[in-house]
Amino acid sequence: MKAKKTLKKSLEKNGLCKLEKYLKRMRKLKEKKVKIVINSNHKYGKKLVVKQYELPNGRIENYITTDEVSSVVIFPITTNNEIYLVRQYRPGLDREELELPGGALDQGEDLIEAAKRELREETGLLSNQVVHLGTINYGPYSSGLKHMFIALNCVDSGTQDLDDNEFLCVETYSIDDVKKLIKNAKIRGFDCAYMALDYLKELNFNF
């Protein structure tokens, strides 16, 4: 309670509480789906949507947003304290990226089961200790949610089950290696990795 009061005083001091009044006056006038981008062989479909709002000052503004499938991302750590990452080519960036494993949710799929499935499919790892760390959205102009997990005591089944359009390499790293990757912005999914390190009480970056 004390922390909330302190935050409120800080906001009032900086005049930010007035923002609440403005946000309440943001009025959506209409919404129109302008384009659907769907690959029938892939579950990642995107719908581009134009949303029109009347701003607090009366100005009419159009915002282009994406309606996307939500996903899971997993920080997997084995009984030997090895972290499994995947490296794959990303067309939007035209380069290979080092990432935490993860992927799209199937419709109606349980989040924990989705995390276990994606972990097994991409890395071959199995875990019965999958913990939800938190959920964030992809970005301010997207409806997609990223559900973040840590998978503990992972064991390698030795078998991946990749989709027909997935080509990736699995790499193993130590906890200290992952910290360096985060520090140098060399890993995608660093938000999940940061939360996982906090869960493991490993948030020390003394290099």
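The numbers here are math on the coordinates, done by the rules we state, and not lab data. Remember, it's a predicted structure, so these values are computed and weren't measured experimentally. Positions of Cβ are backbone-derived with ideal geometry, glycine not excepted, and every protein chain shown enters the neighbour counts.
Starting from the range 42-145, pick out the chymotrypsin sites (Phe, Trp or Tyr not before Pro) whose DSSP state is loop and whose Cβ has at most 12 other Cβ atoms within 10 Å.
On the way: sites: Tyr44, Tyr53, Tyr63, Tyr84, Tyr89, Tyr138, Tyr141; in loops: Tyr44, Tyr138, Tyr141.
Answer in residue order: Tyr141.
Take the cross-link list Lys30/Lys146; Lys47/Lys146; Lys46/Lys146; Lys47/Lys116; Lys146/Lys201; Lys46/Lys183 and give me the ones stretching past 24 Å between alpha-carbons.
Values: Lys30/Lys146 27 Å; Lys47/Lys146 17 Å; Lys46/Lys146 15 Å; Lys47/Lys116 27 Å; Lys146/Lys201 22 Å; Lys46/Lys183 32 Å.
Cα-Cα > 24 Å for Lys30/Lys146; Lys47/Lys116; Lys46/Lys183; rest within.
Would you list, by chain and number, the aspartates and glutamates whose Cα falls below 17 Å from the Cα of Lys179, excluding same-chain residues fewer than 8 positions away?
Glu82, Glu97, Glu99, Glu171, Asp191, Asp198, Glu202
Hey, what's the Cα Rg ratio for the range 127-207 versus the globular rule of thumb, 2.2 N^0.38 Å?
Numbers: Rg = 14.6 Å, N = 81, 2.2 N^0.38 = 11.7 Å.
So the Cα radius of gyration is 1.25 times the expected 2.2 N^0.38 Å.
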